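Colleague: Here's a structure for you.
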Amino acid sequence: MLKRLSALVSLNDVEVELLESLTFEMREVTAGEWLWHEGDSAESLLVISEGWGCSARYLSDGSRQLLATYLPGDILGIFELLSGIRRNDVSMLTDGRVCEYSYSSIFTLLTASNRMRSALFVIANQHQAMLAERLVSVARRNARESLAHFLCECRERLLEFLPDDVDGFQLPLSQQDLADALGMSTVHISRTFSALACQGLVRRHHFHMVILDPQRLAEMADFDDHYLNCDKRILATNTPISFSDSAAAEWLPSMSHESKGRPSAEGDEPTASS
């Protein structure tokens, strides 16, 4: 938790001490182990310390849609802080370790520090943005673009923790996992990897992935990492930024010029039937 939040904000001594004082349970987990099921009562956050995990929705015919992949440092369960119910099934893809923090201790954290509250909000926003990009891949990108975008995203996320070996990394997803994530068949996944390899973009051996030409791969996928990042000025203070603050005006999108004086197009006004 400390390492993940420190990547977003510069924590002061009091905040570091608060994080270190939080009680948590560290436990070993194995590949295929369920962390929770859809509909379970939600009472804690999990931080993946080691290993990879995933969330999925299972349909009545036995098929599934892989919604997200979780890497070391990812925080799971933020969305359920208020609902109290798990939304999806979550399991481990590899052996690893997880740290579990009760929601009561997390609420203490949120009450004590605006910056840490903002950091958790940013992480939740990143998860939502990745889900949106996955939807675009499934619906609009072709097979090569979709797989290339997924690989670029994994590489960018790993930059935070593996800067020295970012072009070569473990990708512990089977062809079935990738097919369920990207809306393709396993045969299509295999053919797409072969096509990318023939273009000199990637090399894959079992679960080890090497991106040979990151720039060309990103261009193929039209990959822009902005959705994974945030303007850290938002988190630079422990006091919420006022909307009237001059510093906020630099990065807050101004919509006033778009709404003022805009002529009404035909059909803009609601009718009685609508």
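The values are calculated or read from the model by the stated rules, or taken from the named source; none is laboratory data. Small disclaimer: the values here were computed from a predicted structure and weren't measured. Heads up, the Cβs are rebuilt from the backbone with ideal geometry, glycines too, and the neighbour counts pull from every protein chain shown. These accessible areas exclude ligands, DNA and RNA; they are computed on the full protein's heavy atoms, side chains included. Shrake-Rupley method; radii C 1.70, N 1.55, O 1.52, S 1.80 Å.
Colleague: It is to be established whether one or more residues within region 166-173 are out of contact with any helix residue (DSSP H, G or I) (no Cβ under 8 Å at 6 or more places or on another chain), in a helix (DSSP H, G or I) and either surrounded by fewer than 14 Cβ atoms within 10 Å (Cβ to Cβ) or at pLDDT below 85 (or both). Outline the logic, then answer.
Modeller: Residues of region 166-173 out of contact with any helix residue (DSSP H, G or I) (no Cβ under 8 Å at 6 or more places or on another chain): 168, 170, 172.
Checking which are in a helix (DSSP H, G or I) leaves us with none.
Looking for residues that are out of contact with any helix residue (DSSP H, G or I) (no Cβ under 8 Å at 6 or more places or on another chain), in a helix (DSSP H, G or I) and either surrounded by fewer than 14 Cβ atoms within 10 Å (Cβ to Cβ) or at pLDDT below 85 (or both), one finds none in region 166-173, hence no.
Colleague: Are there any helices (runs of 4 or more DSSP H) wholly within region 175-227 with 1 or more residues that are free of Cβ contacts under 8 Å to residues at least 60 places away in the same chain and surrounded by 16 or more Cβ atoms within 10 Å (Cβ to Cβ), and if so which? Steps first, answer last, please.
Modeller: Numbers: elements: 175-182, 186-198, 214-221.
In region 175-227, 175-182, 186-198 are the helices (runs of 4 or more DSSP H) which contain 1 or more residues that are free of Cβ contacts under 8 Å to residues at least 60 places away in the same chain and surrounded by 16 or more Cβ atoms within 10 Å (Cβ to Cβ).
Colleague: For Arg233, work out the one condition from (1) among the charged types (D, E, K, R); (2) modelled with pLDDT of 65 or more; (3) open to solvent by 50 Å² or more (accessible area, probe 1.4 Å); (4) farther than 20 Å from Trp52 by Cβ it doesn't fulfil.
Modeller: (2)
Colleague: Ok, one more. What's the number of the only condition in (1) farther than 15 Å from His208 by Cα; (2) surrounded by fewer than 19 Cβ atoms within 10 Å (Cβ to Cβ) that Met116 fails to meet?
Modeller: (2)
Colleague: Within region 118-173, which residues are farther than 19 Å from Cys54 by Cβ and aromatic (Phe, Trp, Tyr)?
Modeller: Selection gives Phe121 alone.
Colleague: Tell me the residue from Ser102, Ser83 that is among the small types (Gly, Ala, Ser), open to solvent by 40 Å² or more (accessible area, probe 1.4 Å) and touching a strand residue (DSSP E or B) at 6+ places or on another chain (Cβ under 6 Å), please.
Modeller: Among Ser102, Ser83, only Ser102 is among the small types (Gly, Ala, Ser), open to solvent by 40 Å² or more (accessible area, probe 1.4 Å) and touching a strand residue (DSSP E or B) at 6+ places or on another chain (Cβ under 6 Å).
Colleague: For Leu8, which of the numbered conditions (1) touching a helix residue (DSSP H, G or I) at 6+ places or on another chain (Cβ under 9 Å); (2) surrounded by 12 or more Cβ atoms within 10 Å (Cβ to Cβ); (3) outside any loop (DSSP other than H, G, I, E, B) fails to hold?
Modeller: Going through the list (1) touching a helix residue (DSSP H, G or I) at 6+ places or on another chain (Cβ under 9 Å); (2) surrounded by 12 or more Cβ atoms within 10 Å (Cβ to Cβ); (3) outside any loop (DSSP other than H, G, I, E, B), Leu8 breaks only (3).
Colleague: Still on this model: For region 131-165, enumerate the residues that are open to solvent by less than 50 Å² (accessible area, probe 1.4 Å), aliphatic (A, V, I, L, M) and modelled with pLDDT of 95 or more.
Modeller: Scanning region 131-165 gives Ala143, Leu147, Ala148, Leu151.
Colleague: For region 56-78, which positions are over 11 Å from the mean Cα position of the chain (by Cα) and more than 18 Å from Lys3 (Cβ to Cβ)?
Modeller: Of everything in region 56-78, those that are over 11 Å from the mean Cα position of the chain (by Cα) and more than 18 Å from Lys3 (Cβ to Cβ) turn out to be Ala56, Arg57, Tyr58, Leu59, Ser60, Asp61, Gly62, Ser63, Arg64, Gln65, Leu66.
Colleague: Considering region 37-67 alone, what residues qualify as being assigned to a strand (DSSP E or B) and open to solvent by 20 Å² or more (accessible area, probe 1.4 Å)?
Modeller: The initial filter retains those residues of region 37-67 that are assigned to a strand (DSSP E or B), namely 41, 44-50, 53-58, 64-67.
Those that are assigned to a strand (DSSP E or B) and open to solvent by 20 Å² or more (accessible area, probe 1.4 Å): Ser41, Ser49, Glu50, Arg57, Tyr58, Arg64, Gln65, Leu67.
Colleague: Please identify the pairs in which a residue from region 19-46 that is farther than 25 Å from Leu5 by Cα has its Cβ atom under 8 Å from the Cβ atom of a residue that is of a type in the set (Lys, Arg) and in a strand (DSSP E or B), counting only partners at least 6 apart or on another chain.
Modeller: Going by the 8 Å Cβ cut-off, the qualifying pairs are Glu38/Arg57.
Colleague: Tell me, which residue of region 21-36 that is of a type in the set (A, V, I, L, M, F, W, C) and either under 27 Å from Ser185 (Cβ atoms) or in contact with a Pro (Cβ under 7 Å, 6 or more places away or on another chain) (or both) is least open to solvent (accessible area, probe 1.4 Å)? Please lay out each step first, then the result.
Modeller: Taking region 21-36 first, the residues of a type in the set (A, V, I, L, M, F, W, C) are 22, 24, 26, 29, 31, 34-36.
Those still in the list that are either under 27 Å from Ser185 (Cβ atoms) or in contact with a Pro (Cβ under 7 Å, 6 or more places away or on another chain) (or both) too: 31, 34.
Details: Ala31: 59, Trp34: 110 Å².
Top of the filtered list is Ala31.
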